[in-house]
Each structure stands twice: as C-alpha cells, then as structure tokens.
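The values are calculated or read from the model by the stated rules, or taken from the named source; none is laboratory data. Note that the structure is predicted; figures quoted are calculated from it, not measured. No Cβ is skipped: glycine too gets one built from the backbone with ideal geometry, and neighbour counts run over all protein chains shown.
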Amino acid sequence: MHALHIHAGPKALAHLQEHGLRPEHIAVIPAAAGGPKGLILGPLDRFIFGNWLAQSHQPVGLVGASIGAWRMSTACLNEPVAAFERLEHDYIHQHYEPLPGHKRVTAEQVSEAFGQSLQAFYGGRVQQALQHPRYRLHIVTSRGRHILHREHPLATPLGYAGAYLSNAVSRRALGGWLERVVFSAQGAALPFDAQDFRTRAVALTEGNFMSAVQASCSIPFALKAVHDIPGAPAGAYWDGGITDYHLHLNWTAPAKGPDRSIVLYPHFQQNVVPGWLDKALKWRHGATAFLDHTIVLAPNPEWVKTLPGGKLPDRHDFMTFDRDLAGRVKVWSAAARASQQLAHEFAQWLERPDPRQVRAL
C-alpha cells in the first residue's frame, strides 16, 4: 500500500506537467498546528531540509503555527537532520506528573515545563534560527482582543465561547476576538496576502524568539497564555492554530515561470482547514484559490489505518495512556518509524515526477 498521497492546486499541477518539481521551484513551506500529528512528518522534514532542498540556493519562507512553528524553527538550525531527530525524541518522551493533591496536570505546570524544554532545545542556537542564510522564518500566534486581552479564569472561557459563535457565522468575525500576529525574522515580508483576516506583523528577534514560539504552541486552557511579548503589542498570546489551524492562507508565490512558484506543504491530511474553530465546520474544509500554487504531501487515509490504534498520534493519547508513559512512547515511536515510508515514496517520486499520480487538492 502506498503511504503518500500527493495533492496539487490547479496552477501547481500545471507547473508539474510542464516543469516537474525541483528544489529551486519552492517558494514557501507551511507547517500546520496539530500537536502530536506533526510527528508523522518527521521523516519528510529530515529529507526535505537535510537533503533535497539543500540542493538549491533560493530564499524560502517557512511559516509555522504551534507544532509547525517548532518544526520550522528547527529547520533553520545547523545540522537540521540531527535537530529534527532530537525534536522527535523530545516530543515523544514529554511527560507531566500531576502535582500532589491534583488528578491532572495544571496549565501552569505544562507551560513552565514547556518553556524549560524550549530553553534546553534552542538555548545558544537562537541566532541560527533567526539568521539562516536562506530560510525566512515566520511564527504565527493568536493575540486576544477586548475580553481576551488578558487571560482570566472567568473572562477567557466567555471570550472563547463568543469567538466560537462569531466564527461560526463568519471567519472574519473571529477577528473581533482574536487577531493573527506573525513574528518574522530578518525583516522578511509576509509570504501571503493578509487581507483575509485581521493581521499584525512583528519582528522576530533574539529577545522575543522563545516567547513567540511558546505562545504559538500555547493551546488555550491546556497551557497558559504568554503575555506582553517584547516588541509586540501588549496582550495575551495563544496558539497560532486558533486563527490559522492549517495555514489556509492566500500564498503570494510568484506566478510567472518555474522558479520559486510552488508552496510545498508536508501535511498530516489532505484538507487545509483555516482555523482551529473551523474543525467542525466541514464546509470550510475545501480548497480555495488561495491554494492554487500549493502541493500537499499527505498520508494515505487507508495507510493511516495501519498505524497503532488505526490513527495518527494525537492529544487524546495523553489521556488514553494517562500515566503509562512507556505505552505512549511505544505507540508514537512506532508511528514515527512507519512514517519513513512517506519520505521514501516522495524521494522516489521526485526521481521521475509523474503528474498522473497527483490528486486534486
């Protein structure tokens, strides 16, 4: 059974038919939120950044939210293959013991431990991520507005309830509660047209890198918001996936000629869902013209059924395995090993890119 499905927007498919796919064609690589699901992309990340993309010389925009921000920041480090291997190991083995007298870990506890893990992972290497000679890093966060401007035990749940109802009516209405704030390295312009949603662009610096990455990964109620990030507007910052779950953005890759015309998207599913609050809104899961230049690399849903538990790793596994760390590590490690097939099949396809094997996005 093939593990990898390749999907393309209409202009990306036309590009494949005329030019094939070479590393110098890539303009942008997005990386979605999705927590443990991102583990399935580790081998693809190692192949793309450690081997294939290294054969070209053009600048590439790397845009990540939540676990995607962690992945794309890792791609900018020296020796990215080893860095991705460590990321996979650290993510699989993360574990939180409830405090005495508590049945569950607290958001404060998870946030403190996660902040320490970021310091251990990126400490002394932040400049590598910020000053990569080719990659332009963009970290997506969600900043609270009005009632969500500061985290509060009563106001925050009410604010997110309002955000959920507003978003169900109109995605733009979500902007009344939350705004997209993108932290960009090296003064790079956003590689997408941000008119679809209320957006701010902020410089990503050594002084705010750790806070921006932590904020981008701070799932509401599971972790604490990050407040008042240096160099950015004051307020509470949460997971970038709230506003941009799968980065369904209006990518502005050049449209003329083969060079730098493709958005290459390693993803854990075919559908590119706009925001976290859109997960249940199936009518927002289809492709739009925003993705015309996009190629999505996604696991075959039938292959996913062969993984432990018949599914991708996900956040529910923390509760399923509760204090059985060894059990969860075994299952997640097996899924990560199996996903080597995704990278192997992509490498094989690149040797002779056949558009007939590409599916509509």
Scope the stretch 197-215; condition within 11 Å of ALA129 (Cβ to Cβ) and part of a helix (DSSP H, G or I); matching residues: PHE209, MET210, ALA212, VAL213
Please indicate, with yes or no, whether at least one residue in the stretch 101-124 is surrounded by 23 or more Cβ atoms within 10 Å (Cβ to Cβ) and either farther than 25 Å from LEU223 by Cβ or in contact with a Cys (Cβ under 9 Å, 6 or more places away or on another chain) (or both). no
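Going through LEU62, LEU13 one at a time, which residue ends up being touching a strand residue (DSSP E or B) at 6+ places or on another chain (Cβ under 9 Å), modelled with pLDDT of 95 or more, surrounded by fewer than 22 Cβ atoms within 10 Å (Cβ to Cβ) and of a type outside the set (Lys, Arg)? Walk me through how you get there before you give the answer.
Values: LEU62 fails: surrounded by fewer than 22 Cβ atoms within 10 Å (Cβ to Cβ).
Unique residue meeting the criteria: LEU13.
Can you tell which of PHE290, PHE318 is in a helix (DSSP H, G or I), farther than 26 Å from GLU24 by Cα and out of contact with any Pro (no Cβ under 7 Å at 6 or more places or on another chain)?
Details: PHE290 fails: farther than 26 Å from GLU24 by Cα.
Every option except PHE318 fails the conditions.
Can you say whether ASN271 is surrounded by fewer than 19 Cβ atoms within 10 Å (Cβ to Cβ) and in contact with a Leu (Cβ under 7 Å, 6 or more places away or on another chain), as far as the supplied structure shows?
Numbers: surrounded by fewer than 19 Cβ atoms within 10 Å (Cβ to Cβ): yes; in contact with a Leu (Cβ under 7 Å, 6 or more places away or on another chain): no.
Judged against the criteria, ASN271 is not a match.
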Filter the stretch 167-194 for residues that are out of contact with any Lys or Arg (no Cβ under 9 Å at 6 or more places or on another chain), in a helix (DSSP H, G or I) and surrounded by 14 or more Cβ atoms within 10 Å (Cβ to Cβ) and give the result. ASN167, ALA168, ALA173
Considering every residue within the stretch 318-336, establish whether at least one is of a type in the set (Lys, Arg) and closer than 21 Å to ASP45 by Cβ. no
Residue list for the stretch 51-70, filter: closer than 17 Å to ILE40 by Cβ and in a loop (DSSP other than H, G, I, E, B): SER66
Could you please find all residues in the stretch 339-357 being in contact with a helix residue (DSSP H, G or I) (Cβ under 6 Å, 6 or more places away or on another chain) and surrounded by 17 or more Cβ atoms within 10 Å (Cβ to Cβ)? SER339, LEU342, ALA343
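Looking only at the stretch 131-144, which residues are in contact (Cβ under 8 Å) with a residue 24 or more places away in the chain and surrounded by fewer than 19 Cβ atoms within 10 Å (Cβ to Cβ)?
Step one: filter the stretch 131-144 for residues in contact (Cβ under 8 Å) with a residue 24 or more places away in the chain, giving 131-132, 134-144.
Once the filter is applied, which keeps residues that are in contact (Cβ under 8 Å) with a residue 24 or more places away in the chain and surrounded by fewer than 19 Cβ atoms within 10 Å (Cβ to Cβ), the stretch 131-144 yields GLN131, ARG134.
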Residues of the stretch 293-306 being touching a helix residue (DSSP H, G or I) at 6+ places or on another chain (Cβ under 7 Å) and either surrounded by fewer than 18 Cβ atoms within 10 Å (Cβ to Cβ) or assigned to a strand (DSSP E or B) (or both), in sequence order, are THR294, ILE295, LEU297, PRO299
Could you list, ordered by first residue, the pairs with Cβ atoms under 6 Å in which the first is in the stretch 170-190 and in contact (Cβ under 8 Å) with a residue 40 or more places away in the chain and of a type in the set (Gly, Ala, Ser) and the second is assigned to a strand (DSSP E or B) and surrounded by 20 or more Cβ atoms within 10 Å (Cβ to Cβ), at least 6 apart or interchain? SER184/HIS138; ALA185/LEU137; ALA188/ARG136
Matching residues, the stretch 230-246, being over 15 Å from SER73 (Cβ atoms) and in a loop (DSSP other than H, G, I, E, B): PRO230, GLY231, ALA232, PRO233, ALA234, GLY235, GLY241, ILE242, THR243, ASP244, TYR245, HIS246
Go through (1) at pLDDT below 95; (2) touching a helix residue (DSSP H, G or I) at 6+ places or on another chain (Cβ under 9 Å); (3) part of a loop (DSSP other than H, G, I, E, B); (4) not β-branched (Val, Ile, Thr) for LEU312 and report which single condition fails. (1)
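Can you give me the number of residues within the stretch 247-265 that are part of a loop (DSSP other than H, G, I, E, B), at pLDDT 95 or above and either under 12 Å from GLY61 (Cβ atoms) or small (Gly, Ala, Ser) (or both)? Lay out the reasoning, then the answer.
Initially, the stretch 247-265 is screened for residues part of a loop (DSSP other than H, G, I, E, B), giving 247-249, 252-261.
Checking which are at pLDDT 95 or above leaves us with 247-249.
From the residues that got through so far, the ones that are either under 12 Å from GLY61 (Cβ atoms) or small (Gly, Ala, Ser) (or both) too are 247, 249.
So the count comes out to 2.
Which members of the stretch 71-103 meet the condition of being in contact (Cβ under 8 Å) with a residue 12 or more places away in the chain, outside any helix (DSSP H, G or I), more than 18 Å from ALA33 (Cβ to Cβ) and not aromatic (Phe, Trp, Tyr)? Steps first, answer last, please.
First, pick out the residues of the stretch 71-103 that are in contact (Cβ under 8 Å) with a residue 12 or more places away in the chain: 71-78, 80-81, 84-88, 90-97.
From the residues that got through so far, the ones that are outside any helix (DSSP H, G or I) too are 76-78, 93-97.
So of that shortlist, the ones also more than 18 Å from ALA33 (Cβ to Cβ) come out as 76-78, 93, 95-97.
Hits for the stretch 71-103 are CYS76, LEU77, ASN78, HIS93, HIS95, GLU97.
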